[in-house]
Structures are given as structure tokens and as C-alpha cells.
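Working notes, structure below.
The values are calculated or read from the model by the stated rules, or taken from the named source; none is laboratory data. Since this is a predicted model, take the numbers as computed values, not measurements. Neighbour counts are summed over all protein chains in view; Cβ atoms, including those assigned to glycine, are modelled from backbone coordinates with ideal geometry.
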Amino acid sequence: MATLTISKDEEKRVKALGFLSNKGTDNFSGRIITVNGKITAEQQRVIAEAAEKFGNGVVTFTTRLTIEVQGIPFDKIEEFRAYIAKAGLETGGTGSVVRPVVSCKGTTCQYGLLDSFAISEEIHERFYKGYHTVKLPHKFKIAVGGCPNNCVKPDLNDIGIIGQLIPNFDEDECNGCKKCSVEQVCPMGAAKVVDGVLEINKDICNNCGRCVGSCHFDAIENGTPGYKIYIGGRWGKKIAQGRALSKVFTDKEEALNVIEKAILLFREQGITGERFAKTIERLGFENVEKQLLADDLLERKQQILDAQLHLTGGATC
Ligand code: SF4
Ligand code: SF4
Ligand code: SF4
């Protein structure tokens, strides 16, 4: 059995930089942030070189789109960081703060209703980097999904954004066909011809947009792009399914502001050690939703950031 020489304080310090102790050894895994799971060939080359130069030559992928290089000796940590920095890469992604963003490939996916790589990069800059020193009660995870297929499970994150295409149905153009192409194309069974006219049940429709352009009589010629936001999801020791805000946002800035308000609310009203799901449960969904749709939290932003809160958060990884 190897003798462990790294003190707990040192271990804690490098963990905050994204270096996780490899159990039973003095080596660490360096967690590299990929921004949104998209890295260049050059960055891949640099990571591979760094893994051979400083680590044990092994690279692993985490479930949240970060890359870990294993087996880095403690005294090589700074050199490793400098080496990957030349390709614009950095380590991190630990602690009771906003965590690295997870994104699906909605930008290129045939079902994608939003440019998920672009929006997740924006979220990374504004909230992962921008809020990096802001201490929270626990970790805070954000995911961006391109459509309601939910491949990256946005509703199991503290906050999740899902691309939408809200069908614009023109009742005047509808002929109440016996065989309705919209009805046939709708994967949710939300569209039905009733009494000679199409009806879309808004409680069932998930705004997937598949019906847009599917009517030969142009009753659904276009749709309005939007963002659905889920809050309070989590996956792990305890599981909670996020709940969607009642409003579907059609303005990107407004949707991003909701993320910022959620972070501020969590910081201000969360109890150290609890996840956002618990905060919402304690305060009540309606109360939280009301605050996220109002301006007050952003108006008090500086005051919330300046408060001495959550000096030790609940995150253990
Ligand atoms: S969630 Fe939708 S857009 Fe994203 S990868 Fe899945 S199917 Fe494609
Ligand atoms: S939506 Fe189009 S296809 Fe469906 S019943 Fe109306 S006109 Fe016919
Ligand atoms: S947007 Fe999707 S779920 Fe809604 S009616 Fe159209 S096809 Fe059905």
C-alpha cells in the first residue's frame, strides 16, 4: 500500500481547482471543462499529450461532459494546467457552485429546435464562469436540450432549458379533413379533429413542432420558437423530477435571466447543504415561480452577491 503524503488541506485546495484524488494514491484526476461537450481536434490532441506527459495515459469521460485525465502526480498539477491552457482548456467543475453546463447536440440534430451549443456556451460564460466565485448551498446543475425528446434530461437538473416550436394554428384554414396529416404526425396525440376542425390540446402538446408545415392546406404554416424551463430536478442519492414553469419563453434574454434569478434565489433563500429541489419544496413552487418571473431578484443582485453565505456548501464532489 502506497504511503499517502498529501495533506487533507492540500487535497481540498486542488479539488477546488478540479483535481480529484485517485483513491489510495498520491495522484489525481484532472477534470477538464469542455464548455458544452464540444472540443476541437487540436484540443483533443493537447489532452491526449497531457495524459501521456503528466498522467497515466488514460482519459475518461464523465456523465456531465467533462473529461478527466487520471494519474497526475500532485507536483505536476500546475504544469498540467499550464499545458492544457495553451489550447484554451481549463480544469474545474467541483464544489457548491454552478457546475459545468450539459448540452445535447441540438445544433446539428434533425429534431433540434434551438442552437444548443451556442446557448450552452453563452450559459457557460455567463453562469459557470461568471458565477464561479459565488458560493451556493449546494451544487447547481444546468442542462440545455434541443427539443422535448429530453436526451440530456434537462428536467433532472436544478434548471433545464428545452427548445420549443409552438405551432401557430390558423383555424380559418382548417377543412376538418377525414384524414388529418397533423393528427398523424403528432407524436403526443395532442392534435385531434373534433366537430370538423383541428384542436390542439395544450395540456398534452409539448411544442415539439413536428406538425409545423405538415398540413397541406397551410393551417399550420409556421411556429414560434421558444424555451421551456424546468426547475428543481435532481438525480443521485435522492431523485426529483423538475417542474416546468407555466410560461414558455419566446425571448432568449428573458429565459437566461430566469437562470440568473434561480441562482440568486438559491443563494439567498436556500439553506446550506440543501439542493434547489429542496429549496423549492420548502418555499413552495408557486412562490418560487412568482419570484423567477418578477424582477426583484435581479434588482437585488449585488446585495445577494455581497452577503456572507454558504461559506461551506453541501457538495462532496
Ligand atoms: S434532445 Fe432533441 S435536439 Fe437534443 S439530441 Fe435529443 S432529439 Fe436531438
Ligand atoms: S389541420 Fe390541415 S390536415 Fe388537419 S384537418 Fe385541418 S386542414 Fe385538414
Ligand atoms: S407541436 Fe408536437 S405535440 Fe404539439 S401538436 Fe404539434 S406535433 Fe403535436
*Considering every residue within region 89-102, establish whether at least one is over 25 Å from residue 136 (Cβ atoms) and in contact (Cβ under 8 Å) with a residue 40 or more places away in the chain.*
no
*If you check residue 132 against the conditions, is it more than 21 Å from residue 245 (Cα to Cα) and touching a residue at least 60 places away in the same chain (Cβ under 8 Å)?*
no
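Restricting to region 196-219, and then to whatever is out of contact with any helix residue (DSSP H, G or I) (no Cβ under 7 Å at 6 or more places or on another chain) and β-branched (Val, Ile, Thr), can you tell me which residue is nearest to residue 150 (Cα to Cα)? Before the answer, list the steps.
Of all residues in region 196-219, those out of contact with any helix residue (DSSP H, G or I) (no Cβ under 7 Å at 6 or more places or on another chain) come to 196, 199-209, 212-213.
Still in the list and also β-branched (Val, Ile, Thr): 200, 204, 212.
On the way: 200: 21, 204: 16, 212: 20 Å.
Among residues in region 196-219 that are out of contact with any helix residue (DSSP H, G or I) (no Cβ under 7 Å at 6 or more places or on another chain) and β-branched (Val, Ile, Thr), the one nearest to residue 150 (Cα to Cα) is 204.
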*Flag if residue 259 is among the β-branched types (Val, Ile, Thr), away from ligand 3 (no atom under 13 Å from the Cβ), within 16 Å of the chain's Cα centre (by Cα) and in a helix (DSSP H, G or I)*: yes
*Tell me, which strands (runs of 3 or more DSSP E) lie completely within region 103-214 with 1 or more residues that are under 18 Å from the mean Cα position of the chain (by Cα) and buried (at least 23 other Cβ atoms within 10 Å of the Cβ)?*
142-145, 159-168
_Residue check for residue 80: aromatic (Phe, Trp, Tyr) and without any contact (Cβ under 8 Å) to a residue 40 or more places away in the chain_ = no
*Can you name the number of the only condition in (1) within 20 Å of residue 161 (Cα to Cα); (2) in contact with a helix residue (DSSP H, G or I) (Cβ under 7 Å, 6 or more places away or on another chain) that residue 193 fails?*
(1)
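Select, from 162, 142, the only residue that is among the β-branched types (Val, Ile, Thr), modelled with pLDDT of 95 or more and closer than 30 Å to residue 312 by Cα.
Working: 162 fails: closer than 30 Å to residue 312 by Cα.
One residue alone meets the criteria, 142.
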*Starting from residues that are within 20 Å of residue 32 (Cβ to Cβ) and among the hydrophobic types (A, V, I, L, M, F, W, C), keep the ones in region 105-139 and report whichever is nearest to ligand 2 (Cβ to nearest atom).*
117
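Among the polar types (S, T, N, Q) and within 16 Å of ligand 1 (Cβ to nearest atom) - does that describe any residue in region 133-150? Can you show your working first?
Initially, region 133-150 is screened for residues among the polar types (S, T, N, Q), giving 133, 149-150.
Narrowing further to those that are within 16 Å of ligand 1 (Cβ to nearest atom): 149-150.
Within region 133-150, one or more residues are among the polar types (S, T, N, Q) and within 16 Å of ligand 1 (Cβ to nearest atom).
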